Amino acid sequence: MTDSGLPTSEHLEHLDTDTIADLIENLLPAPEAHRAREHVKACPDCQQTFDALVQLSEDLAEEGRNDIPMPADVAEHLDAVIVSESVLRSSTVGVHSLVQIREEPRRHLPKLLGAAAAVVVIAAIGVGVVFATKDDAPGGAAGINPTNVPTGVPTLTTKDVGPQAQRWLESSSNPLLHGSAAEIACARTFASSRPNPQLRLVQPAKVNGQRATVIGLQGESARDVQLFVVTGCNESGGVADPFYDTTVTLRNR
Amino acid sequence: MTSDVSRIGTAEPIAQPVQHAGPVSYDQMDDHELLRLHVAGNPDTFGFLVRRHRDRMWAVAIRTLGEPEEAADALQEAFISAFRRADSFRGDAKVTTWLHRIVVNACLDRIRRRQVRATDPLPEDEDRAAELAGPAEEDPAEVRERRLDVLNALKQINEDQRSALVLVDMEGYSIEEAAAILDCAPGTVKSRCARGRAKLLPLLRHWQTTRGGSDDSGVPEKTAAEAVGTE
Ligand SMILES: [Zn+2]
């Protein structure tokens, strides 16, 4: 039923809700708007719809002012991500400095890193640019355009996986969970199918040229981490398909 | 095996922040100060900012995207982006405005990517409904119920209308601001809002009358759509 061809008599046909909503937003062409307004004035039903639409906006605004508590698991995961990000940043000091010296000569290395961070920095020396942050951030915020910051999906070969993952893991005692929530969920599902389901590492990577996920599971001893390189986790609804595994023993720190 | 670097949520600064006299709790710092310390290299202050504003940002993301998994992913992207580009924050703005904008953009990016992929609709996740309403001990049942009603209704309208409506009606952006964010003409925003409201109205009638205390309670209301052409 379209009311765009409005009735000759305002009282013959009701306006549909779309038309009334358009009227409120001043979207109707002038003659049509005039007739619609006249109709609403004369018709209690349409007046009621009109009022209800106006009220709806107000109610939505009121509801919009309320926060919604983030579910505990989402909050926990987000915390872990931010911690990882912080560790990653500490460990990329060298890389960052190269970029920043070029872009912003006055900026110096962060000076605030404590003794523990120094260990991370040393560990990171061998890691080099593969660690550098990605910045494919959603657009909008103004600022630097970090086109020369390398991607956060490090490129590895299977023989690098062990040594690289070992450095990552030695930089933190917390699980390092990178990647989208879906990718991490996929890794969790994979982990839960293993005898040692405790996740220590999830890291998106390009391994031997293909997009993969490095998953680290707690090994038998506290210092052992079993690493799997899987495909499938970066696809929506994907299932982890391991094609390489190795075990690393972390050095005491 | 503990590493101070990666601890989060402790009340004491771990590495002494730049010229910060005495142990000041991060909780007492304002957003600008936390962000400034973060940019200066402090490993903990960004986590505090996240905790302080996550419920607000969760509300934005879950209303815009409708699905908790999507909202969680978008927020993760947004906060990581904010973490990394904190030095682009201009000090004259509010930190929440800046964060809010990054979150909105992350959500819209996901919607656009989803539309490009044009995959099957996202699976319903009924189990999470109660959880989405928030912990029972935190809010009265009525508040939780209304929150869920709105979330469910928003999920039933199309994404373009939903994102326009969330920005304009719920988040209070002007039509012009929303148009800039959505990258479309102001008229398009108005039209999406109008059509979105028209679709939401029958879905939220019950919600409106219960909270508005309308005097025609009990009588099932005829929607305008049903009423069209009945005379
Ligand atoms: Zn009428």
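The values are calculated or read from the model by the stated rules, or taken from the named source; none is laboratory data. Note that this is a predicted model, so its numbers are computed, not measured. Reconstructed Cβ throughout: ideal geometry from the backbone, glycine too, with neighbour counts over all protein chains shown. Just so you know, the surface numbers come from the protein's heavy atoms only, side chains and all, with ligands and any DNA or RNA stripped out. Shrake-Rupley method; radii C 1.70, N 1.55, O 1.52, S 1.80 Å.
Tally up the residues in segment A:43-75 that are open to solvent by less than 50 Å² (accessible area, probe 1.4 Å), within 16 Å of the ligand (Cβ to nearest atom) and in a helix (DSSP H, G or I), please.
Filtering segment A:43-75 down to residues open to solvent by less than 50 Å² (accessible area, probe 1.4 Å) leaves A:43, A:46, A:49, A:52-53, A:56-57, A:59-61, A:63-64, A:68-71, A:74-75.
When the remaining residues are screened for being within 16 Å of the ligand (Cβ to nearest atom), the result is A:43, A:46, A:49, A:52-53.
Narrowing further to those that are in a helix (DSSP H, G or I): A:46, A:49, A:52-53.
Result for segment A:43-75: 4.
Hey, does segment A:229-237 have a residue that's touching a residue at least 12 places away in the same chain (Cβ under 8 Å), closer than 15 Å to A:A165 by Cα and in the same structural domain as A:S180 (by TED's automatic domain parsing)? I'd like the intermediate steps shown before the answer.
Looking only at segment A:229-237, we keep the residues that are touching a residue at least 12 places away in the same chain (Cβ under 8 Å), and these are A:229-234, A:236.
Still in the list and also closer than 15 Å to A:A165 by Cα: A:229-230.
Narrowing further to those that are in the same structural domain as A:S180 (by TED's automatic domain parsing): A:229-230.
The answer is yes, given that some residue of segment A:229-237 is touching a residue at least 12 places away in the same chain (Cβ under 8 Å), closer than 15 Å to A:A165 by Cα and in the same structural domain as A:S180 (by TED's automatic domain parsing).
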> When you look at A:T8, is it outside the structural domain of A:P204 (by TED's automatic domain parsing), of a type in the set (S, T, Y) and at pLDDT 95 or above, yes or no?
Replying inline: no
> If you scan segment B:41-70, which residues turn out to be in contact with a Phe, Trp or Tyr (Cβ under 6 Å, 6 or more places away or on another chain) and facing chain A (nearest Cβ under 9 Å)?
Replying inline: B:F46, B:V50
>> When the residues of segment B:157-195 are narrowed to those that are open to solvent by 20 Å² or more (accessible area, probe 1.4 Å) and basic (K, R), which ends up nearest to B:R114 (Cα to Cα)?
In response: B:R192
>> Just to be sure I understand, how many residues within segment A:210-225 are touching a residue at least 12 places away in the same chain (Cβ under 8 Å) and either open to solvent by 40 Å² or more (accessible area, probe 1.4 Å) or of a type in the set (F, W, Y) (or both)?
In response: 5
>> With the requirement that a residue be in contact (Cβ under 8 Å) with a residue 60 or more places away in the chain and either open to solvent by 20 Å² or more (accessible area, probe 1.4 Å) or touching a Pro at 6+ places or on another chain (Cβ under 9 Å) (or both), what does segment B:29-51 give you?
In response: B:D31, B:H32
>> Cβ contacts < 7 Å: first residue more than 9 Å from B:D169 (Cβ to Cβ), restricted to segment A:47-66; second residue among the hydroxyl-bearing types (S, T, Y) and within 16 Å of the ligand (Cβ to nearest atom), any location; separation 6+ or different chain. Result?
In response: A:T49/A:T17
> Which condition number in (1) under 25 Å from B:E70 (Cβ atoms); (2) loosely packed, with under 14 Cβ neighbours inside 10 Å; (3) of a type outside the set (A, V, I, L, M) is the one that A:T231 fails?
Replying inline: (2)
> Which of (1) in contact with a Leu (Cβ under 9 Å, 6 or more places away or on another chain); (2) under 30 Å from B:A106 (Cα atoms) is the odd one out, the single condition A:Q210 does not satisfy?
Replying inline: (1)
>> It is to be established whether one or more residues within segment B:83-96 are surrounded by 18 or more Cβ atoms within 10 Å (Cβ to Cβ), under 24 Å from A:H178 (Cβ atoms) and touching a Pro at 6+ places or on another chain (Cβ under 9 Å).
In response: yes
